[in-house]
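Written below as structure tokens is the structure these notes are about.
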Amino acid sequence: MKNVALKKRIFEIIEVSRENDMASKAYDIMINIAIIVGLIPLTMKKGDDYTAIIDVLTLSIFVLDYLLRIYTSDYKMGVVSYKSYIANLMEPMSVIDLLSILPVFSFAFPGSTLIRLFKLFRVFRIFKLVRYSKTMTTIKNVMIRVRAPLGAVLILSIVYIIICALLMFQLEPNSFETFLDACYWSTISLTTVGYGDYTPATDIGKAISSLSALVGVAVIALPSGIITAAYMREITKVKGKNEL
């Protein structure tokens, strides 16, 4: 019974804090500080003793947090079964937690060529803020709600990029060395960024470029409208719950 009570208490602490749970609030603050401080080494080209200490301390906190969350999976999933542990491991936030602790392999295999890649996984730690920030939680709910229409816009954009790239690659072979260069130009044109490193030389190429820029304005406006509408609905929903 003591083990069960202890396990339940651990679950209460590591989950988002309630109003009167000071231990859980302190844990949330510790994790948020570790997330922010743990990103400091990424702002420096070369590490030193201080950044090494930051890496070790923050990584230790995140590894402990991950293990505790796996340990209390049955409380989170509401089922006392090995399936609850598997289901918890498959959740998006659990995957992010796992990715955030992969830099531990940079210590285990100091001579590995994958060290730089493992260290880059520290960036995923910032997504852990979603668990503790109400604003980030709202944004997450919005993105989940609009994932289907945004996916449709993404597919439409990719198709358009490939079509424009194929046209330009055939119409202006001297302007692009490879098809990937044409795809890069098409993407930049669609997003109306226009770096200028690739420019059309023929009249028909310029016409396609102009059309791509005009389509890009509409493509950028579509997701903005979809996300804004979904965000307003989510805010209204949250306000309704708070009033109740």
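Remarks
- Selection over the range 198-218 of residues that are closer than 15 Å to M168 by Cα and either under 33 Å from the mean Cα position of the chain (by Cα) or of a type in the set (S, T, Y) (or both) gives a count of 8.
- Just one of the listed residues (L6, L39) is open to solvent by 70 Å² or more (accessible area, probe 1.4 Å) and not hydroxyl-bearing (S, T, Y), and it is L6.
- The set of residues from the range 161-195 being within 16 Å of G216 (Cβ to Cβ), assigned to a helix (DSSP H, G or I) and open to solvent by 70 Å² or more (accessible area, probe 1.4 Å) comprises I162, I163, L167, Y184.
- Neighbours by Cβ (under 8 Å, 6+ apart or cross-chain): first from the range 196-223, part of a helix (DSSP H, G or I); second of a type in the set (D, E): G205/E172
- Meets criteria (exposed (fewer than 14 other Cβ atoms within 10 Å of the Cβ), β-branched (V, I, T) and at pLDDT below 80) for T113: yes
- Failed criterion for M136 (all others in (1) open to solvent by less than 40 Å² (accessible area, probe 1.4 Å); (2) touching a Leu at 6+ places or on another chain (Cβ under 6 Å); (3) not small (G, A, S) hold): (1)
The values are calculated or read from the model by the stated rules, or taken from the named source; none is laboratory data. In this text the structure is predicted, and so the values were computed from the model without any measurement. Note: ideal-geometry Cβ built from the backbone for every residue, glycine included; neighbour counts use all protein chains shown. With ligands, DNA and RNA removed, areas are computed over all heavy atoms of the protein, side chains included. Shrake-Rupley method; radii C 1.70, N 1.55, O 1.52, S 1.80 Å.
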